[in-house]
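Asker: Mind having a look at this structure? Questions to follow.
The values are calculated or read from the model by the stated rules, or taken from the named source; none is laboratory data. Just so it is clear, the model here is predicted, and its values are computed rather than measured. Ideal geometry is used to build each Cβ from the backbone, glycine not excepted, and the neighbour counts take in all protein chains shown.
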Amino acid sequence: MKYVHVGINVTNLEKSLGFYQKVFGAEPVKVKPDYAKFLLETPGLNFTLNVRDEVSGNQVSHFGFQVERADEITAHKERLEKLGFFAREEMDTTCCYAVQDKFWVTDPDGNEWEFFYTKADSDVHKSESTPCCADQNREAAKSCC
């Protein structure tokens, strides 16, 4: 296998293209009036935007990038903040049986993207102060791996 494929529905292609060009640091390989495609080598990702009149609800908890080194979290966060994004940071948090440093950004249709570095395994699913993805509450799920 070479690529993971993710296709998401968006309501405004122009806004979504701007967001994902900045987040991925790459240009799309194909753009049509109702479609765009990014083909990323690292990580191997075939990512498409599909225009719909309406996007209702979020059927996915979130998307994310796991980085290899702790300093990559800071580098990506600073890069995206310089491009005008608000990055919600969670450092040294326990979630999903791991201790992680992470931050989050949200696309124009409300899809959340997590950049995270796993520092260590944990015997607990989450810390008492950290809501996690096992929670059904969407607000709580924002803090998960």
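Asker: Mind counting the residues in the range 85-102 that are within 28 Å of Val31 (Cβ to Cβ) and either free of Cβ contacts under 8 Å to residues at least 12 places away in the same chain or surrounded by 14 or more Cβ atoms within 10 Å (Cβ to Cβ) (or both)?
Answerer: Adding up the residues that qualify gives 2.
Asker: Restricting the search to the range 43-63, which residues are more than 24 Å from Cys96 (Cα to Cα) and of a type in the set (Val, Ile, Thr)?
Answerer: Once the filter is applied, which keeps residues that are more than 24 Å from Cys96 (Cα to Cα) and of a type in the set (Val, Ile, Thr), the range 43-63 yields Thr48, Val51, Val55.
Asker: Just to be sure I understand, how many residues within the range 113-123 are touching a Phe, Trp or Tyr at 6+ places or on another chain (Cβ under 7 Å) and at pLDDT below 90?
Answerer: Of the residues in the range 113-123, 2 are touching a Phe, Trp or Tyr at 6+ places or on another chain (Cβ under 7 Å) and at pLDDT below 90.
Asker: Here is a further query. Criterion first (assigned to a strand (DSSP E or B) and at pLDDT 90 or above) does Leu80 satisfy it?
Answerer: Taking the combined requirement at face value, the residue does not satisfy it.
Asker: Among the residues in the range 29-47, are any among the β-branched types (Val, Ile, Thr) and touching a residue at least 12 places away in the same chain (Cβ under 8 Å)?
Answerer: Checked against the condition, which is being among the β-branched types (Val, Ile, Thr) and touching a residue at least 12 places away in the same chain (Cβ under 8 Å), the range 29-47 yields at least one hit.
Conditions tested, residue by residue: (1) surrounded by 15 or more Cβ atoms within 10 Å (Cβ to Cβ); (2) part of a loop (DSSP other than H, G, I, E, B).
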| residue | (1), (2) |
| --- | --- |
| Lys2 | no, yes |
| Gly7 | no, no |
| Leu17 | yes, no |
| Lys22 | yes, no |
| Pro28 | yes, yes |
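Asker: Additional query: Considering only the range 94-111, state which residues are in contact with a Lys or Arg (Cβ under 6 Å, 6 or more places away or on another chain), in a strand (DSSP E or B) and within 17 Å of Gly84 (Cα to Cα).
Answerer: Matches in the range 94-111: Phe103, Trp104.
Asker: Which residues, counting only those in the range 35-59, are of a type in the set (D, E, K, R) and loosely packed, with under 11 Cβ neighbours inside 10 Å?
Answerer: Glu41, Asp53, Glu54
Asker: Continuing with the same structure: For residues that are surrounded by 17 or more Cβ atoms within 10 Å (Cβ to Cβ) and among the hydrophobic types (A, V, I, L, M, F, W, C), scanning just the range 66-84, find the one that is nearest to Gly110 (Cα to Cα).
Answerer: Leu80
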